[in-house]
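Student: Take a look at the following structure, please.
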Amino acid sequence: MNFRSALNRPQIIHTLESTEFDLVIIGGGITGAGIALDASSRGMKVALIEKDDFASGTSSKSTKLVHGGLRYLKQLEIALVREVGLERAIVHKMAPHLVVSEKMVLPLVEGGTYGKLSTSFGLALYDFLAGVEGEDKRIMLSAEETLDKVPLLRNDILRAGGFYAEYRTDDARLTIENIKTAIQQGAICINYVRADDFVYEHGKMKAVVAKDVRSGQVFHIKGKFIVSAAGPWVDTLRKKDKSLEGKRLFLSKGVHIVVPHERFPLEHSVYFDVPDGRMMFAIPRHRTTYIGTTDTPYQGDINHVVGNKEDVDYLLKATNSMFPAINLTMEDVESSWAGLRPLIHEEGKSASEMSRKDEIFVSETGFISIAGGKLTGYRKMAERISNLVTKKYKRQYDKWFEDTDTSKIELTGGPFKKAKSVRKYTQQITEKIEPLGLSSYYAPYLVSNYGRQTEDILALVSQFSEDTIEVAIARAELRFGLENELITTPLDFFARRTGRLYFNLPSIKVVQSAVLKDFTDFFNWDSEILQRETEALDQAVYEASHFS
Ligand code: FAD
């Protein structure tokens, strides 16, 4: 059976209901997806449930960098920087089409966060901790050289610059490829199934009371071990388990805005000082540049987080202060996203100062929760959870699961040996699609999203020959996603599988009616469902591009 198609939801749910799993994971963000892959590759029987879509929480709302976190060096979090720094290169190797090298310019300005000497030393240490070699090692730039790389920078306060290596990704795609690879390894993963409660025997957690939020069906999923990787919702589930004591989460909101590339033309990413003493990123991506992030305490509804006018004003002002020539205004903002950092609360520290380290909590009922951490460190977080479960399993059931090295498991979309093969492949795809009349935007877009699966998508395009080529490509992507990526709603497609909601919002209008018609046919939707899904999509588009 195809466990990657939402058409098979009833059978997938039947499997969840009728199996006793070694490990049940709650949460389909990058942390849960990573655990599902690690644990299933060890031979554990794994189930993963996600209450909304995969990556719909924080894991589609990050700055989308696979990075060591230069600023954590300043906070002397050496072990964290070393771990995530080393992870950058590993995740890049696993999926070089999806985790791409991104050179970063760090302008050094009068009165800024970093001085020239400390930056030179700090970046060298950063490279050393992350094992960066050869021409990727940092170089220091004069003010003129910095301006050559980023001509739009404010030059009156510019003193010098650093030029160093990071990686950029699509967080939601990284999550979905981990989910798909976990499914290949035997895990059962499903979206739109929520953990509402737990079943206990003799004080120990034995099952999850789950609800299929699409059909309303309530059922139990039995697990020898149950792990919550619920990101900002971790404390909600700890509370349900009556184990919310000691350390708690502190939620901090981070907003990004997206502007057309021609309004903020950058060739390199820039990590720059803003007037209140914080630092922000401006990152070019295909036809856009995105800017972020804010970092403010959040007490609102965690199921509905949006950027407001104040957030966007702050980002625009900060950008204009370092890049005065572009003079961005609210009208330039094409799209945006807002997410919550699930940080571990530390008394007396501001959101920016709190550690990004992950922590594991184990309650008396045996319920395991993991929170904090970074997208970049997901593999290590997964390994820690699998190691813990493996040890407990041995103690309780006298069976040992050999650990595996997930860095050796190619994520779906690969395999590419290195970045050079990705470039070659992108060139081949360009040659293939140019005769179809597609713009130069599409080859890098398709390859960075889907890797070698691009060919599976292109093979479908001829089925839609009556459409314009833009519509045909979207329909081919949708067909691929419906059959392989558990797409269930239009927002899954537009936000998490293709990133159109953020990076190509105008394209949604062009393809929306054809896409909705395909959904209707594929799932046999009645007019009520179609109206509900259309409204949800319209609202998401509105909220990404309007601010009050
Ligand atoms: P989430 O992605 O939130 O996943 C948890 C999932 O659990 C959600 O999808 C949710 O729907 C589900 N869930 C909750 N309750 C239930 C339930 N009852 N039943 C079923 N499912 C449930 N890290 C980096 O490495 N690089 C960056 O550039 C970076 N930038 C960031 C910028 C911002 C603004 C933010 C907010 C974070 C950033 N991070 C970055 C951190 C990174 O995004 C997070 O560490 C990571 O995405 C957290 O993933 P997660 O899987 O733990 O949580």
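The values are calculated or read from the model by the stated rules, or taken from the named source; none is laboratory data. Predicted, not measured: the structure shown is a model, and the values here were computed from it. As a convention, Cβ positions derive from the backbone with ideal geometry for all residues, glycine included, and neighbour counts pool all protein chains shown. SASA here: full protein model, heavy atoms, side chains in, ligands and nucleic acids out. Shrake-Rupley method; radii C 1.70, N 1.55, O 1.52, S 1.80 Å.
Student: Taking segment 197-231 on its own, how many of its residues are outside any strand (DSSP E or B), near the ligand (Cβ under 9 Å from one of its atoms) and among the aliphatic types (A, V, I, L, M)?
Tutor: Total meeting the criteria: 2.
Student: G68: assigned to a loop (DSSP other than H, G, I, E, B), near the ligand (Cβ under 7 Å from one of its atoms) and open to solvent by less than 10 Å² (accessible area, probe 1.4 Å), yes or no?
Tutor: no
Student: Let me ask something else. Residues to consider are L460, L436, L411; find the one that is at pLDDT below 95 and farther than 16 Å from D170 by Cβ.
Tutor: L436
Student: On the basis of being outside any helix (DSSP H, G or I) and in contact (Cβ under 8 Å) with a residue 24 or more places away in the chain, does L458 make the cut?
Tutor: no
Student: Only one of S40, S101 is surrounded by 21 or more Cβ atoms within 10 Å (Cβ to Cβ) and among the polar types (S, T, N, Q); which?
Tutor: S40
Student: Taking I326 as the residue in question, decide whether it is more than 30 Å from K51 (Cα to Cα), open to solvent by less than 30 Å² (accessible area, probe 1.4 Å), within 12 Å of the ligand (Cβ to nearest atom) and not in a helix (DSSP H, G or I).
Tutor: No.
Student: I've got another one for you. Can you name every residue in segment 120-148 that is over 27 Å from E87 (Cβ atoms) and in contact (Cβ under 8 Å) with a residue 40 or more places away in the chain?
Tutor: T146
Student: Could you tell me whether any residue of segment 54-73 is polar (S, T, N, Q) and over 26 Å from I302 (Cβ atoms)?
Tutor: There is no residue in segment 54-73 that is polar (S, T, N, Q) and over 26 Å from I302 (Cβ atoms).
Student: Can I ask one more? Among the numbered criteria (1) under 30 Å from F281 (Cα atoms); (2) within 16 Å of the ligand (Cβ to nearest atom), which one does F264 miss?
Tutor: Checking F264 against (1) under 30 Å from F281 (Cα atoms); (2) within 16 Å of the ligand (Cβ to nearest atom), the one that fails is (2).
Student: Against the definition (assigned to a strand (DSSP E or B) and on the phi < 0 side of the Ramachandran plot), how does V234 come out, yes or no?
Tutor: In short, no.
Student: Can you name the condition, by its number, that E347 falls short on among (1) open to solvent by less than 80 Å² (accessible area, probe 1.4 Å); (2) under 30 Å from K239 (Cα atoms); (3) charged (D, E, K, R)?
Tutor: So E347 meets the others, but not (1).
Student: Further question on the same structure: Just name the residue that is farthest from K224 (Cα to Cα) out of those in segment 365-374 that are modelled with pLDDT under 95 and touching a helix residue (DSSP H, G or I) at 6+ places or on another chain (Cβ under 8 Å).
Tutor: Looking at the filtered set, the residue picked out is K374.
Student: Right, another one. May I ask you to list the residues in segment 414-437 that are under 15 Å from G451 (Cβ atoms) and not in a helix (DSSP H, G or I)?
Tutor: G414, P415, F416, K417, K418, listed by residue number.
Student: Quick check on this structure: which one of S369, S352, S336, S363 is away from the ligand (no atom under 12 Å from the Cβ) and polar (S, T, N, Q)?
Tutor: Only one candidate qualifies: S363.
Student: Out of everything in segment 250-261 that is away from the ligand (no atom under 11 Å from the Cβ) and open to solvent by less than 50 Å² (accessible area, probe 1.4 Å), what residue ends up being farthest from V362 (Cα to Cα)?
Tutor: Ranking the qualifying residues of segment 250-261, first place goes to P260.
Student: Among the residues of segment 300-323, write down those that are within 12 Å of the ligand (Cβ to nearest atom), more than 16 Å from R278 (Cα to Cα) and either in contact (Cβ under 8 Å) with a residue 24 or more places away in the chain or open to solvent by less than 50 Å² (accessible area, probe 1.4 Å) (or both).
Tutor: I302, V305, G307
Student: Still on this structure: Listed residues A165, A160; which is open to solvent by less than 60 Å² (accessible area, probe 1.4 Å), over 29 Å from the mean Cα position of the chain (by Cα) and of a type in the set (A, V, I, L, M, F, W, C)?
Tutor: A160
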